[in-house]
Amino acid sequence: MPASTRGEVAEISETARDTIRSFEEIVWAVNPKNDSLTNLVQYLCRFAEEFFEGSAAQCAFELPDDIPALVVPTEVRHHVFLAAKEALNNVFKHARASRVCVRLAMTQEGFEIGIEDDGCGFAGGEAPPRSGSGNGLDNMRERMRAVGGEFALQSHPGKGTRLTFRVPCRPVPVG
């Protein structure tokens, strides 16, 4: 098979994988059976693990021993996942990190999901201009605003970046 054909086949395969992954995300996002903090965290961790598989960055998780059985409504779950996905994508594309960590912490108001990397970081709390749309941080901020949550960013050149998604969640038991 000529090299040009192999390249085209590889590109078609990658597009097919991305399409299947997007379809699976949509199905997961709209299924109300997934409206729990546990399901959100499990799905996010599985996504992150698969996303960084075979990359230079090692993916780690810091989770509570017991994740409370809380309802996370479909819209909230979807916005939180997409914000975290954007953060992971930014690490993959821009951070040149050797390690990325996904954290879950419970708060009195709800929960926090943190995405932290040991990559190149940036100064001033705003990402440097990049090729493409460059709206990732604004999109994450807007997603948190849409669910009544907060977005926090800490970054320092040469020391990595930490993004935190604070999500209010009433203690309504699942079930």
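Things to note:
- Derived scalar couplings between HN and Hα for the range 43-60 equal 5, 4, 5, 5, 4, 4, 4, 5, 4, 8, 4, x, 8, 6, 8, 8, 9, 10 Hz in order, rounded to whole Hz, by the Karplus curve 6.51 cos²θ - 1.76 cosθ + 1.60 (θ = phi - 60°), x for Gly and Pro.
- A 1.4 Å probe run over the chain, with the rest of the protein chains in place, finds 59 Å² accessible per residue.
- Per-residue SASA remark: SER22, around 50 Å² accessible (1.4 Å probe; ligands, DNA and RNA not included).
- Sequence of LYS93, LYS33, LYS85 from largest to smallest accessible area, 1.4 Å probe: LYS33, LYS93, LYS85
- Maximal additional length on extending the VAL27-ALA105 stretch stands at 25.4 nm, based on 0.36 nm per residue less the C-alpha distance.
- Gyration tensor verdict on the range 1-47 (Cα atoms; rounded if a/c is under 1.5, prolate if a/b is larger than b/c, oblate otherwise): prolate
- Seen through its C-alpha gyration tensor, with square-root eigenvalues sorted a ≥ b ≥ c, the range 1-95 comes out prolate because a/c lies at 1.5 or above while a/b is bigger than b/c.
- Pairwise label distance in nanometres, SER13 with ASN139, each label 7 Å out on the Cα-Cβ vector: 2.7
- Comparing ALA83, ALA16, ALA146 in a Gaussian network model of the chain, where Cα atoms under 10 Å apart are tied by springs, the biggest mean-square fluctuation is seen for ALA16.
- Solvent-accessible area, 1.4 Å probe, carbon plus sulfur percent, for the chain: 52
- Fully extended contour minus Cα-Cα distance, from ALA123 to LYS159, at 0.36 nm per residue: 11.9 nm
- Paramagnetic reach from SER55 (point 7 Å along Cα→Cβ, amide N under 14 Å) across the range 86-104: 86-102
- Across the range 145-156, rounded Karplus estimates of 3J(HN,Hα) from the backbone phi angles (6.51 cos²θ - 1.76 cosθ + 1.60, θ = phi - 60°) give 4, 5, 10, x, x, 9, 10, 10, 9, 10, 8, 9 Hz, Gly and Pro being marked x.
- Average Cα contact separation per residue, the chain, under 8 Å, 6 or more apart, as relative contact order %: 22
The values are calculated or read from the model by the stated rules, or taken from the named source; none is laboratory data. These figures come from a predicted structure and were not determined experimentally. We place every Cβ from the backbone using ideal geometry, glycine too, and count neighbours over all the protein chains shown. Heavy atoms of the whole protein, side chains included, go into the accessibility calculation; ligands, DNA and RNA do not. Shrake-Rupley method; radii C 1.70, N 1.55, O 1.52, S 1.80 Å.
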